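Take a look at the structure below.
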Amino acid sequence: MSVEKNTRKLDKGIVRDFSSRMSYASYLQLPTLLSAQQPVSQPEHHDEMLFIIQHQTTELWLKLVLHELRSAAAWLREDDLGSALKGIARVKHIQKTLTEQWSVLATLTPTEYSQFRGFLGNSSGFQSAQYRAVEFVLGNKNRKMLPVFESDPQAHAMLEELLAAPSIYDEFLAYLSRQGFDVPRSVLDRDMTRAHEFSPELVPLFKHIYENAADNWAAYEACEELVDLEDNFQLWRFRHLRTVQRTIGMKTGTGGSSGAAFLQKALELTFFPELFAVRTEIGQ
């Protein structure tokens, strides 16, 4: 059917009356969502809208990342590796979107940001409970982060729960043990409230999996998925660092951190160190 006068005719079956039906806007609660952008600068600065939306969309994606990772951990507990890897695959796509999103914020010049930065007070991405939750689920646990969230009981309770719970790596190692792999007892019985640290006794296990991939394909594939997950997370961290350096240089962060210097240290953190260390050993 051709289009006349550059105007498309509506199909007869298209629903037009939503007085008693659920609409797109009501399903997504768009009035609430789209009213949540409230600039605080006086007078309102044009570029603050970009800053708000950038961080709000990041929080929405983090909510989905956390949803998928917690589900993946649960599936691993049930020995359902396939479902767990499906969830991790989705997270990897979200991570790419989050990393690309920094390029939008990078259009904010130092001059533009300086005109409303002072109105942010001490609010900072450092205080993102969901970001900390994702780090905890992946294994970068740090009890010293909890006091930051004491004024938000719900966020504090979530982080306390995740601090005590096994990380997705802990669940994967427990899964491997149940599948008959020789996972050291010291690793399985470690204090789950602490960050996972490099365990050299795990490296021979992963070397065996990698060098006998055909016989251990499910475990081998899972290892590579986790490596992708960490690689993507580190790319996000690096892009965050570079965006901050580009926008505020070496200024102190609004939340009181050293800013770029503090973010630089995050690049030294790791989730699955043995999966990277084993690469040196393969073939030797």
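The values are calculated or read from the model by the stated rules, or taken from the named source; none is laboratory data. Please read all numbers here as calculations on a predicted model, not as lab measurements. Cβ: placed from backbone, ideal geometry, glycine included. Neighbour counts: every protein chain shown. Note: accessible area is taken over every heavy atom of the protein model, side chains too, but ligands, DNA and RNA are not part of it. Shrake-Rupley method; radii C 1.70, N 1.55, O 1.52, S 1.80 Å.
Give, in nm to one decimal, the length gained when the segment between residue 10 and residue 60 is fully stretched (0.36 nm per residue of separation minus the Cα-Cα distance).
Between residue 10 and residue 60, full extension yields 14.7 nm more.
Excluding ligands and nucleic acids, what accessible area in Å² is computed for residue 22 using a 1.4 Å probe, to the nearest 10?
Residue 22 exposes around 140 Å² with every protein chain in place.
Could you tell me which of 52, 62, 39 has its Cα farthest along the dipole of region 35-86 towards the positive end, charges placed at Cβ (Lys, Arg +1; Asp, Glu -1), taken about the Cα centre?
My answer, from the dipole projection, is 62.
In percent, what relative contact order does the chain have, based on Cα pairs under 8 Å that are 6 or more apart in sequence?
20
Using the Cα gyration tensor of region 1-116, with a ≥ b ≥ c the square roots of its eigenvalues, what is the shape: rounded (a/c below 1.5), prolate (a/b larger than b/c) or oblate (neither)?
Oblate, since a/c reaches 1.5 and b/c is not below a/b.
Short version: ³J(HN,Hα) in whole Hz for each residue of region 126-133, in order, from phi by Karplus 6.51 cos²θ - 1.76 cosθ + 1.60 (θ = phi - 60°), x for Gly and Pro, what are they?
3J(HN,Hα) across region 126-133, in whole Hz: 4, 8, 6, 5, 5, 4, 4, 4.
Go ahead and estimate [θ] at 222 nm for the chain from helices alone: -39,500 (n - 2.57) per DSSP H run with n ≥ 4, summed, over the residue count, rounded to 500. Present the calculation step by step, with values, prior to reporting the outcome.
Working: 13 runs with 163 residues, N = 284.
After summing the helix terms and dividing by the residues of the chain, the value is -18000 deg cm²/dmol.
Can you work out the PRE-style zone for residue 213? Point 7 Å along Cα to Cβ, and I want the residues of region 252-278 with backbone N under 19 Å.
274-278
Figure the gain on full extension for residue 46 and residue 265 (residue separation times 0.36 nm, minus the Cα-Cα span) and round it to one decimal in nm.
Result: 75.6 nm gained on full extension.
A 32 angstrom limit on the alpha carbon distance is what I want to check against. Which of 63/265; 92/141; 12/86 exceed it?
Distance filter (> 32 Å) returns 12/86.
Using the alpha carbon gyration tensor of region 186-259, what are the three equivalent-ellipsoid semi-axes (square root of 5 times each eigenvalue), largest first, in whole Å?
Working: eigenvalues 261, 65, 15 Å².
They are 36, 18, 9 Å, listed from largest to smallest.
Work out from phi, with θ = phi - 60° and the Karplus expression 6.51 cos²θ - 1.76 cosθ + 1.60, the ³J(HN,Hα) of each residue of region 10-16, listed in order in whole Hz, and give x for Gly and Pro.
Karplus values, whole Hz, x for Gly and Pro: 7, 4, 4, x, 5, 6, 10.
Apply the Karplus parameterisation 6.51 cos²θ - 1.76 cosθ + 1.60, with θ equal to phi minus 60°, to every residue of region 238-250 and state each ³J(HN,Hα) to the nearest whole Hz, in sequence, with x for glycine and proline.
Ordered by residue, 3J(HN,Hα) equals 5, 5, 4, 4, 5, 5, 5, 4, 5, 8, 10, x, 10 Hz.
Could you pull out the GluC sites (Glu not before Pro) across region 1-108 that fall in loop regions by DSSP (anything but H, G, I, E, B) with no more than 15 other Cβ atoms inside 10 Å?
Within region 1-108, the qualifying GluC sites (Glu not before Pro) (loop, at most 15 other Cβ atoms within 10 Å) are 44, 78.
Would you calculate the separation in nanometres between label points at residue 32 and residue 237, each defined as 7 Å from the Cα along the Cα-to-beta-carbon direction?
Output for this residue pair reads 3.4 nm.
Between the DSSP loop rule and a limit of at most 12 other Cβ atoms within 10 Å, which trypsin sites (Lys or Arg not before Pro) in region 183-283 are left?
When the trypsin sites (Lys or Arg not before Pro) of region 183-283 are filtered for loop state and at most 12 Cβ neighbours within 10 Å, 194 remain.
Keeping every protein chain in place, order 168, 248 by accessible area at 1.4 Å, biggest value first, i.e. largest first.
248, 168
How large is the charge dipole for the chain, taken about the Cα centre, if only the Cβ atoms of Lys, Arg (+1) and Asp, Glu (-1) carry charge, to the nearest 20 debye?
Dipole magnitude for the chain comes out near 1060 debye.
Select one label from (i) 28, 27, 18; (ii) 28, 21, 20; (iii) 38, 28, 19: the one whose number is semi-axes √(5λ) of the Cα gyration tensor in Å as derived from the coordinates shown.
The listed entry that was calculated here is (iii).
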